[in-house]
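**Q** Sharing a structure below in structure tokens format, with a few things to ask.
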Amino acid sequence: MNGVRQGWLVARREMRERSRSRAFQASVLLMIVGVVAVLILPAMLKPDSTRDIGITGPAPAALTATIAQQARAADITASIHPYASLAAGEQAVRQGQVDVLVAGAGRLEWRGKPDEQLKSMVTGAIQLASVRERAAAAGISPGSLATLLAPVPVTSVELGSVAGRGPGDEMAVLVMTIVLFFGISVFGQMVLTGVLEEKASRVVEVLLARIPARALLAGKIAGIGLLGLAQIGVTALAALVAVASVDSIDVPAVRGPVLAWALVWFVLGYTLYATVYGALGSLGSRVEDAQSVAGPVMVVMAVAYFASFVTVGKPDSTAAKVLSYFPLTAPMAMPGRIAMGATAWWEPVVAAGLTLAAIAGLVTLAGRVYTRAILHSGPALSLRDVWRGSAASGRGVSAAGARETAPPPQPAGVTAGERTTMTGSDTARHRWLITVLTGTGVIIGVAIAILTADVIIGVAAGAGFIAVANQMARLWTRHTGPPVAHR
Amino acid sequence: MLGFDGVTKRFGPVTALDRCTFAVRPGRLTGFLGPNGAGKTTAMRAVFGLVELDQGTVRWRGGPVGPADRARFGYMPEERGLYPRMRVRDQLVYLGQLCGRAPLDVTRSVDAWLERLGLTGRAADRLDALSHGNQQRVQLIAALVNEPDLLVLDEPFSGLDPIAMSVMGELLAGLAAEGTTVLFSSHQLDLVQDLCQDVVIIEHGQIVLAGELAELRAKVPQRFIDIRYRGPAPDWSRLTRAAVVEAADGVARLRVGPDTDIAAVLTAVGERADLISFSYQPPTLSELFRQAVAA
């Protein structure tokens, strides 16, 4: 029985048991409903696009036909309503039955501010109809008039901030970065709590009597990761179907290599952070210890997340390049640079190699921490305890008795956030933390909105950050009842 | 045959196991005794590689214990624990598969054990829906799902009611009779004396006594005489080579040497009272244990 097969059994159990839980099923369903709603609702709620145009008073004979023709050219659905008197026409404008009243082919009447697009369309139509009428009066044949008035085609292009990529691409990159951050942190956290649950329920000793610690940790990471990929895949599929059914949304051309790389970076980023989360999870003893042992990782992830936004606006800047190579930020920064076409083919390969090397190093370190800490019971360990090996597995086991239950060394101020007990001032500090996180989220949202000149993206990024940060902070402060007496 | 060969484990300044050497024979029940903190759990964990040893080796059938051997071991840790939210049968099948057994074999074993311990009706329930006693049974099955050659149980009798205790005792005796090597720790010395053929006593990380229980008892020079009588108390001071361990109305326990004249004891009793019963025994396991640990 080799470790790989055992790891696969562990992974399979994770997938089966987790996908069976009501909470997980509800979260998947909620995610799909939410994403589909966000994509479809704006299109469904969009006001009626038919423009109503009223006409009254003397006008060139061909005006109605010309307006219809111009509207078609401008891709506007127009409906034309003639009114017998000016008063009837104005009444219709005031009641909102028509958007604009063409009074005597010389004046446009609006209820409020003129709609510029409609105004230029109708004005153009009036000019054209008048010119045709005058030309006919001057004896110019319709044929030569058409030649005279043949329009010179003028097109508009949205350049965005990077050559070869449009604003649609930028938005897609932002969405992708947000999804990567959410995915990596949510599923990384699942590894953390999973490790702690096994430790708290003591099942871990039964398991470790049968399989090596590394197989258990690796299997857990793989199982949760595959489940996460499946969840993201299903949600993405639902999103694609939703987008396809609503043709009014502009989908930036999805490029295969970009998607493939995003997938690769999700796997790399998740593996990197989940390994760290798993190792830190083994330091705690109870599920409530989760946030106190994992706090530093959350901060690192949050910073990596903000930093990755630099790459969207300026994918060629030095900062963006550095971030996309540094293993802790690469999973969130590199996909954006790839999508913005700012990388040579070898750049993501080198960055992935660096991240893989970092993962290999972390797996070794995490395996050592996990193996040593996983059978420890009692107060949460600090990394230093584990490192020095004084708290090696077996210490503090109550059966092994009085002589072994001396509390593990807990030097003051060893590693930030390793304490397990919660005092009143801690609670106050966490409330303060939530306020700061929310404020930071707002600032980030505003900054991104200004940077990208897009309110929606700013709100999405800010709200995404606040949601994740607050969830983490809530987990952090979660403690049921008074601290359990340490053994 | 499980063998501890000079096994030493230190936790910082504390030596949990100090050059432990003893053997656990197949087909017999071996009781592992010692005061709290003597090193029993650490020794049991060492069998499963859960502690990194500083010195010595744990051997199985002559060679150092490896992963392939452990796949044929069963373990019930003192800190009981399984997945609370996982269904009983799924959980047991999973644990069996981790030992490398084919799913079909595991399923067959699990169903047989569930049936034998009266849990068939609860197989599809989540573990946390079961009573404490039933959870204990599931925990025992978890140690048995791979039909182990070696079974190591840390305090299997703690927290059991008298009926569950006798069921557990019969079960362990049955497994031993089928050839399984069984090592279990306990503080219930009377129970161990009734159940086990072999004992190992550990104190401060050192093995102070190990071997066949009957032999160990016989080897001790003291013998004990239990007397029940009717009438006034005999004059024990007349007996020169006997010490009174316990004397109450109608009952007495005397400690005597191997060369004590039993007839003299009987005469002393008969002078004043009527003898009801008389027994001449080696020390009980309790007495053996107290002596060994006090030494």
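Please treat every number below as a calculation from the coordinates, not as lab data. Every value quoted in this text rests on a predicted model; they were computed, and no experiment measured them. Cβ coordinates were reconstructed from backbone atoms using ideal geometry, including for glycine residues, and neighbour counts include every protein chain displayed.
**Q** Extending each Cα 7 Å along its Cβ direction at A:T155 and A:L356, get the distance between those two points in nm, one decimal.
**A** 4.2
**Q** What ³J(HN,Hα) values, in whole Hz, does the Karplus curve 6.51 cos²θ - 1.76 cosθ + 1.60 give for the stretch A:266-272 when θ = phi - 60°, with x put for Gly and Pro?
**A** Per-residue couplings from phi come out as 4, 4, 5, x, 5, 4, 4 Hz.
**Q** By how many degrees, 0 to 90 and rounded to 10, does the Cα axis of helix B:262-272 deviate from the longest principal axis of chain B?
**A** 60
**Q** Where the only charges are on Cβ atoms (+1 Lys, Arg; -1 Asp, Glu), what is the dipole of the stretch B:220-294 about its Cα centre, to the nearest 20 debye? Walk me through the intermediate numbers first.
**A** Working: 9 positive and 9 negative charges, 22 e Å.
Value, rounded to 20: 100 debye.
**Q** Just counting partner chain Cβ atoms within 10 Å, what average do the residues of peptide B:89-95 show around their Cβ?
**A** Details: counts 0, 4, 4, 0, 0, 7, 7.
Mean inter-chain Cβ contacts per residue within 10 Å come to 3.
**Q** Suppose we keep just the alpha-carbon trace of the stretch B:136-280; what are its Rg and Dmax in angstrom?
**A** Radius of gyration, then largest Cα-Cα span, for the stretch B:136-280: 20.8, 63 Å.
**Q** Could you list B:M165, A:M301, A:M176, B:M86 in order of exposure, starting from the residue whose Cβ has the fewest other Cβ atoms within 10 Å?
**A** Values: B:M165 16, A:M301 25, A:M176 22, B:M86 19.
Going from least to most buried by this count: B:M165, B:M86, A:M176, A:M301.
**Q** Kirkwood Rh and Cα-based Rg: tell me the resulting Rg over Rh for the stretch A:286-327, rounded to two decimals.
**A** On the way: Rg = 14.2 Å, Rh = 11.7 Å.
Here Rg/Rh amounts to 1.21.
**Q** Give me the Kirkwood hydrodynamic radius of the stretch A:322-372 in Å, from all C-alpha pairs, to one decimal place?
**A** 11.7
**Q** Additional query: Give me Rg over Rh for chain B, both radii from the alpha carbons and Rh done the Kirkwood way, two decimal places.
**A** Numbers: Rg = 23.2 Å, Rh = 21.5 Å.
Taking Rh as the inverse mean 1/r over Cα pairs, Rg/Rh reads 1.08.
**Q** Tell me what the protein assembly as shown gives for mean residue ellipticity at 222 nm when only DSSP H runs of n ≥ 4 count, each as -39,500 (n - 2.57), the sum divided by the residue total, rounded to 500 deg cm²/dmol. Each step should come with its number before you reach the end.
**A** Details: 28 runs with 419 residues, N = 782.
When only DSSP H runs of four or more count, the value is -17500 deg cm²/dmol.
**Q** Could you tell me the calculated FRET efficiency between A:T318 and A:A236, based on Cβ-Cβ distance and R0 = 35 angstrom, to the nearest 0.05?
**A** The formula returns an efficiency of 0.60 here.
**Q** When only alpha-carbon atoms count, how far does the stretch B:1-146 stretch along each of its three principal axes, as whole angstroms with the largest first?
**A** Its Cα atoms span 47, 30, 26 Å along the three principal axes.
**Q** Counting other beta carbons within 10 Å of each Cβ, put A:L354, B:L189, A:L41 in order, fewest first. If you can, show how the numbers build up before the last one.
**A** Numbers: A:L354 15, B:L189 18, A:L41 12.
In order of increasing Cβ crowding within 10 Å: A:L41, A:L354, B:L189.
**Q** Let me ask something else. Set Lys and Arg Cβ to +1 and Asp and Glu Cβ to -1, take the dipole of chain B about its Cα centre, and tell me which of B:S286, B:Y75, B:T30 lies farthest positive.
**A** Working it through, the farthest residue towards the positive pole turns out to be B:Y75.
**Q** Turning to a different aspect of this structure: Starting from 0.36 nm per residue, how many nanometres of slack lie between B:R253 and B:R19 once their C-alpha separation is accounted for? Please report the intermediate quantities before stating the final value.
**A** Numbers: separation 234, 0.36 × 234 = 84.24 nm, distance 3.76 nm.
Computed gain between B:R253 and B:R19 is 80.5 nm.
**Q** Right, next: So, in nm, how far is label B:I276 from label A:L263 when the simple model puts each one 7 Å beyond its Cα toward the Cβ?
**A** 8.6
**Q** So what is the diffusion coefficient of the stretch A:33-184 in µm² per second by Stokes-Einstein at 20 °C and 1.002 mPa s, using a Kirkwood Rh over Cα pairs? Can you show the working numbers first?
**A** Numbers: Rh = 19.0 Å.
Answer from the Stokes-Einstein relation: 113 µm²/s.
**Q** What ranking do A:I221, A:I443 get, fewest neighbouring Cβ atoms within 10 angstrom at the top? Display every interim value, and only then the final one.
**A** Details: A:I221 29, A:I443 13.
By the 10 Å Cβ count, ascending, the order reads A:I443, A:I221.
**Q** Just grab the label-to-label distance for B:A214 and A:R111, each label 7 Å out from Cα along the Cβ direction, in nm (one decimal).
**A** 10.7
**Q** From the Cα gyration tensor of the protein assembly as shown, with a ≥ b ≥ c the square roots of its eigenvalues, which class applies: rounded if a/c is under 1.5, or else prolate if a/b is larger than b/c, or else oblate?
**A** Numbers: a/c = 3.69, a/b = 3.27, b/c = 1.13.
Since a/c reaches 1.5 and a/b is larger than b/c, the shape of the protein assembly as shown is classed as prolate.
**Q** Applying 1/(1 + (r/R0)^6) with R0 = 25 Å to the Cβ-Cβ distance of A:A65 and A:I140, what FRET efficiency is obtained, to the nearest 0.05? Working shown, then result.
**A** On the way: r = 19 Å, r/R0 = 0.75.
About 0.85, to the nearest 0.05.
**Q** In addition: Give me the angle, in degrees from 0 to 90, between the Cα long axis of helix B:132-144 and the longest principal axis of the Cα atoms of chain B, rounded to the nearest 10.
**A** That helix lies at roughly 70 degrees to the long axis.
**Q** To continue, here is another question. Taking amide H positions as placed in the peptide plane 1.01 Å from N, state which residues far from B:V245 in sequence (5 or more) or on other chains have amide H under 5 Å from it.
**A** Distant-sequence amide H within range of B:V245: B:R253, B:L254, B:R255.
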